[in-house]
1. Taking the Cα atoms of segment 26-87 alone, what are Rg (to one decimal) and Dmax (as a whole number) in Å?
2. Under 5 Å between amide H atoms, partner at least 5 residues away or on a different chain: which partners does Ile41 have, H built in plane at 1.01 Å?
3. With angles folded into 0 to 90 degrees, how steeply does helix 2-18 sit against the dominant principal axis of the chain? Use alpha carbons for both and round to 10.
4. Eigenvalues of the Cα gyration tensor times 5, then square-rooted: what semi-axes does that give for the chain, in whole angstrom, largest first?
5. What longest region of the chain stays clear of trypsin sites (Lys or Arg not before Pro) that DSSP places outside H, G, I, E and B and that have at most 10 other Cβ atoms within 10 Å?
6. From Cα pairs below 8 angstrom and at least 6 apart in sequence, can you work out the relative contact order of the chain, rounded to a whole percent?
7. Find the lysine pairs in the chain meeting two conditions, Cα atoms under 29 Å apart and a separation of 8 or more places or different chains, and report how many there are.
Amino acid sequence: MKSLRNICILCCIFLSISCSKNLDFNQLDDYTNNPEFISSITYFTLDSNNFIPNAGTPNVTEITEQSDFRIFENTFIKNNLIKLDFMVEVNNQFNRDFTIEISLLNDNNNLIYKLNDFKIAANDTDFNQIESIDVLINQIVKNFTRIELKISLDDTTTPITASDLGTFEFKSAAKVYLETSL
């Protein structure tokens, strides 16, 4: 029994000594964490009633919508942001072409950054587009707090009437890329 116990003790000592290696804690200096998350920006649906003018007013060829986007009030996000992806999805059931302009504004409604215009073809029910902003190059983007959307009819000479069937569904989100180190 003593020999079995001695063998077990020797095996334990051998295993604990043979697998040891000096730990290199300097590797932690090179570690970076790259979290990313998605935040919804705005969602709405327009139908022909949204384009019908009030009596005595000009035709409605453009609709403007503003949404707050206050994610950069969090200093951790603001200090570690490296990239933003703006994702747009549109379901256009109208037999009309539209253009969407997206502007990033500060609290005073001053323009911070303007995304490329999105051209939505008539009856395009599956429009998806992503525009990326490299925040390391465009640091001013961290100062926007509002997003302004302008949806315009491409052919302003022929207004949408109550008899026009269809809807225009708009969804948008932002994917935020961060980079932190220990």
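Nothing in this text is a laboratory measurement; each read-out follows from the coordinates by a stated rule. The model shown is predicted, which means the values in this text are computed figures rather than measured ones. With ideal geometry, Cβ positions are generated from the backbone for all residues, glycine too; neighbour counts draw on all protein chains shown.
1. 20.9, 74
2. Result for Ile41 returns Ser172, Ala173, Ala174.
3. It is inclined by approximately 50 degrees.
4. Values: eigenvalues 672, 84, 29 Å².
Calculated on Cα positions only, the semi-axes equal 58, 20, 12 Å.
5. Numbers: sites that count: Lys21, Arg70.
Between exposed loop sites, the widest span is 71-182.
6. Details: 353 pairs, mean separation 69.9, N = 182.
It comes to 38 percent, rounded to a whole number.
7. Close lysine pairs under the 29 Å cut-off: 24.
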